[in-house]
Amino acid sequence: MAEDGWNTRNPDRVKMAYTVDSEWRNRDTFLRGHDEITRFLTTKWQKETNYRLIKELWAVSDNRIAVRFAYEFQDVLTGDWFRAYGNENWEFDRVGLMQKRYASINNVAIAEADRKFHWPQQAPRPVDHPSLTELGL
């Protein structure tokens, strides 16, 4: 569900998975609450076009989950393509909303011919599309 939400590129939809006062660390950016999350994601997706994301569960313990992910995007200013690799640690409240999100992410420049994520934009990844493990990522 998290992957599908992010692939919509709709900040108002994405923020609903988080508590009203959710705390984020995204690379070197620290955020708190729905308003900051919405502003951050709006700016992100204005710069990162053709965005497609795959997440994969890494570990689960009590109310915490670790995932690894990769996403591909095209820089809106330069037209260059990138694949971002990362890990996220999530902590959930009692009703299942994410109250803390810590993301470490690295971008790698790729040629357009090296893209691996080709489903329609702002749509969920098709069920038959390979996972990160199956893609060797």
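The values are calculated or read from the model by the stated rules, or taken from the named source; none is laboratory data. The model shown is predicted, which means the values in this text are computed figures rather than measured ones. Every residue, glycine as well, gets a Cβ built from its backbone with ideal geometry; the counts of neighbours run over all protein chains shown.
Values computed for the structure shown
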| read-out | value |
| --- | --- |
| Unique residue being surrounded by fewer than 15 Cβ atoms within 10 Å (Cβ to Cβ), at pLDDT 95 or above and assigned to a strand (DSSP E or B) when the list is 20, 95, 67 | 20 |
| Complete set of residues in region 80-103 that are basic (Lys, Arg) and at positive phi | none |
| Residue tally, condition closer than 17 Å to residue 106 by Cα and of a type in the set (Ser, Thr, Tyr), over region 50-91 | 3 |
| Restricting region 62-117 to residues that are out of contact with any Ser or Thr (no Cβ under 9 Å at 6 or more places or on another chain) and among the acidic types (Asp, Glu), the residue that is farthest from residue 43 (Cα to Cα) | 62 |
| Failed item, numbered, when residue 7 is tested on (1) closer than 27 Å to residue 120 by Cβ; (2) surrounded by fewer than 16 Cβ atoms within 10 Å (Cβ to Cβ) | (2) |
| Pairs, first more than 27 Å from residue 60 (Cα to Cα) and free of Cβ contacts under 8 Å to residues at least 60 places away in the same chain in region 95-121, second surrounded by 14 or more Cβ atoms within 10 Å (Cβ to Cβ) and among the hydroxyl-bearing types (Ser, Thr, Tyr), C-beta under 8 Å, six or more apart | 108/85 |
| Selected residue (only one of 41, 31, 77 is of a type outside the set (Ser, Thr, Tyr), in a loop (DSSP other than H, G, I, E, B), on the phi < 0 side of the Ramachandran plot and without any contact (Cβ under 8 Å) to a residue 60 or more places away in the chain) | 77 |
| Near pairs, Cβ below 6 angstrom, 6+ apart or cross-chain, from region 47-67 (aromatic (Phe, Trp, Tyr)) to any residue that is assigned to a strand (DSSP E or B) | 51/73; 58/66; 58/67; 58/68 |
| Restricting region 44-64 to residues that are more than 14 Å from the chain's Cα centre (by Cα) and part of a helix (DSSP H, G or I), the residue that is surrounded by the fewest Cβ atoms within 10 Å (Cβ to Cβ) | 46 |
| Failed condition for residue 113, given (1) touching a Phe, Trp or Tyr at 6+ places or on another chain (Cβ under 7 Å); (2) of a type in the set (Gly, Ala, Ser); (3) more than 16 Å from residue 6 (Cα to Cα) | (1) |
